Amino acid sequence: MIDLRVAGLDHPDAVALNEQVQSYYREIYGDGDVTTLLREQFDAPRGIYLVGYDGVRPVASGAWRALEPDPVDPVDDVVRDGDAEIKRMYVVPDVRGKGHARAVLAELERTARAAGRRRMVLETGTRQPDAVALYVSSGYTSIGTFGVHRDDPRSRCFAKPLV
């Protein structure tokens, strides 16, 4: 059983897990995630950042932040009012397959719904088939790419209604 706790983006365990996920991205893509994240984007009620613990060890993370359409970006027709964007879903390799990612995802969906968000959106990549499988098996469907990853051919974006 994973113990999910709300943490700030700057919490030492969140920082350590973020460093691990960035290292993983560099390993499989050759570069890290270029998305700019700010601590305040994950403050309730417009977001949340979770760290999952197996005992005292931090082993998983996941977050969502409110995402609204950019009125000065006429190309972005994917993002809708009321969206919540999933960020930094990660489980350390040696504890994968224990349901931790599903637990984090379910809690992200629950908290976003409770905050009034109407849809979850996310970006993942072609070299992360396990992530794609998790999202598809959890009811997410493919949408157009958006944000900084819009023109990246390695990007795959998904959405799931929350209401």
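Bear in mind these aren't lab numbers, they're just calculated from the coordinates by the rules spelled out. Bear in mind the structure is a predicted one, so any value in this text is a computation, not a measurement. Don't worry about glycine lacking a Cβ; one is built from the backbone with ideal geometry, like all the others, and counts go over all protein chains shown.
Any chance you could run the full-extension gain for Ala16 through Val78? It's 0.36 nm times the residue separation minus the Cα-Cα distance, nm to one decimal. Could the numbers behind the result be given before it?
On the way: separation 62, 0.36 × 62 = 22.32 nm, distance 3.17 nm.
Extending this stretch completely gives an extra 19.2 nm.
Ile2: net charge of surrounding residues, Cβ under 11 Å, Lys/Arg +1, Asp/Glu -1, itself excluded?
Details: positive: Arg5, Arg57, Lys98, Arg102; negative: Asp3, Asp54, Glu107.
Surrounding charge for Ile2 is +1.
Give, as ranges by residue number, the residues of the stretch 13-50 whose backbone N falls under 14 Å from the point 7 Å along Cα→Cβ of Ala114.
The answer is 44-50.
Once all Cα-Cα distances of the stretch 43-124 are split into 5 Å bins that start at 0, what whole-number percent is in each one?
Once binned at 5 Å, the Cα pair distances of the stretch 43-124 give 3, 15, 24, 20, 16, 11, 6, 3, 1, 0.
List Thr124, Thr141, Thr36 from most exposed to least, where exposure is judged by having the fewest other Cβ atoms within 10 Å.
Thr36, Thr141, Thr124
Restricting to bridges with both residues inside the chain, how much of the DSSP beta-bridge set is antiparallel, in percent to the nearest 5? Walk me through the numbers before you get to the answer.
Details: 29 of 32 bridges.
Restricted to the chain, the bridges split so that about 90 percent are antiparallel.
Where nothing but the Cβ of Lys and Arg (+1) and of Asp and Glu (-1) is charged, how large is the charge dipole of the stretch 3-161 around its Cα centre, in debye to the nearest 20? Before the final figure, lay out the partial values.
On the way: 22 positive and 25 negative charges, 121 e Å.
Taking the Cα centre of the stretch 3-161 as origin, the dipole is about 580 debye.
Just want the answer: with Cβ charges of +1 for Lys and Arg and -1 for Asp and Glu, which residue in Ala103, Ala44, Ala66 is farthest toward the dipole's positive end in the stretch 3-161?
Ala103
To the nearest 0.05, what FRET efficiency results for Ser137 and Val34 with a Förster distance of 45 Å applied to their C-beta separation? The partial results should precede the final answer.
Details: r = 28 Å, r/R0 = 0.62.
So the FRET efficiency works out to roughly 0.95.
For the chain, would you read off the P(r) tail past 19 Å as a percentage of all alpha carbon pairs? Kindly include the intermediate steps, with their values, before the conclusion.
Numbers: 7007 of 13203 pairs.
Counting pairs separated by more than 19 Å, the tail of P(r) holds 53 percent.
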